[in-house]
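The values are calculated or read from the model by the stated rules, or taken from the named source; none is laboratory data. Only a predicted model underlies this, so the values are computations on that prediction, with no experimental measurement involved. A quick note on method: Cβ atoms are made from the backbone with ideal geometry, for glycine too, and the neighbour counts reach across all protein chains shown. In case anyone asks, the SASA skips ligands and DNA or RNA and just uses the protein heavy atoms, side chains included. Shrake-Rupley method; radii C 1.70, N 1.55, O 1.52, S 1.80 Å.
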Amino acid sequence: MSRIAVVPGSFDPVTLGHIDVIERAARIFDQVHVLVVHNPDKEALLPITARVSLLESSMRDAHLPANIVVASWTVGLLVDYCTDVGASVLVKGIRSQVDVAYETPMAIMNRSLAGVETVFLLPDPAHAHVSSSLVRQVAALGGDVGPYVPDAVARFLHSN
Ligand code: PNS
């Protein structure tokens, strides 16, 4: 049976930390769906279509394996998407205890709602301080986001 995992997130924008986690997930699972999800708790910078296209170009540039697809999900529960595509696992990257505290209730809720388990992966510690929200802040204040995001994202943020 093929093991399908979903890596969900806002990806607003995708960072090198995200790419690291996606690549690790693709080595573990047969198929990985990178899913851009609307997070109602956050005010978005980029429209979902831009986030999807930046993810696609970043993954192409990073030569990520071919068992990865990018999709978006804006209506309904995340676990509904998992059920639709036959995924039994969610993958989340964990940078610190703060992430564990944030992710744990959602992981238990998703298991309770639909039996979907969550696997936590540890990214390279080089990315431990990198988050989309800090990248947005650095970019908005005129800083160089090049070290933290794929080239396609840096080009996009610096030109907008
Ligand atoms: O990158 P983010 O913003 O930390 O990602 C959070 C996200 C989008 C994964 C989270 O907001 C989420 O799971 N949204 C789906 C809504 C949902 O299904 N909620 C009920 C179960 S927790």
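With a probe of 1.4 Å, find how much accessible area the chain has per residue, and write the answer as a whole number in Å².
Accessible area per residue: 53 Å².
Please get the size of the charge dipole for the chain, origin at its Cα centre, with Cβ charges of +1 on Lys and Arg and -1 on Asp and Glu, quoted in debye to the nearest 20.
Roughly 60 debye for the chain.
Scan the stretch 1-106 for trypsin sites (Lys or Arg not before Pro) in coil per DSSP, keeping those whose Cβ has at most 16 other Cβ atoms within 10 Å, and list them by number. Intermediate values should be presented prior to the final figure.
Working: sites: Arg3, Arg24, Arg27, Lys42, Arg51, Arg60, Lys92, Arg95; in loops: Arg3, Lys42, Arg95.
Here the sparse-neighbourhood loop sites are Arg3, Lys42.
Rounded to the nearest 20 Debye, what is the dipole magnitude of the stretch 102-155 about its Cα centre when Lys and Arg each give +1 and Asp and Glu each give -1 at the C-beta?
160
Calculate what fraction, in whole %, of the accessible area of the stretch 51-160 sits on carbon and sulfur atoms when a 1.4 Å probe is rolled over the protein chains.
58
Farthest toward the dipole's positive end in the stretch 73-119, which of Ala101, Leu90, Val116, given Cβ charges of +1 (Lys, Arg) and -1 (Asp, Glu) about the Cα centre?
Farthest towards the positive pole: Ala101.
Mind ranking Asp151, Asp80, Asp20 by accessible surface for me, highest first, 1.4 Å probe?
The residues order as Asp151, Asp80, Asp20, largest area first.
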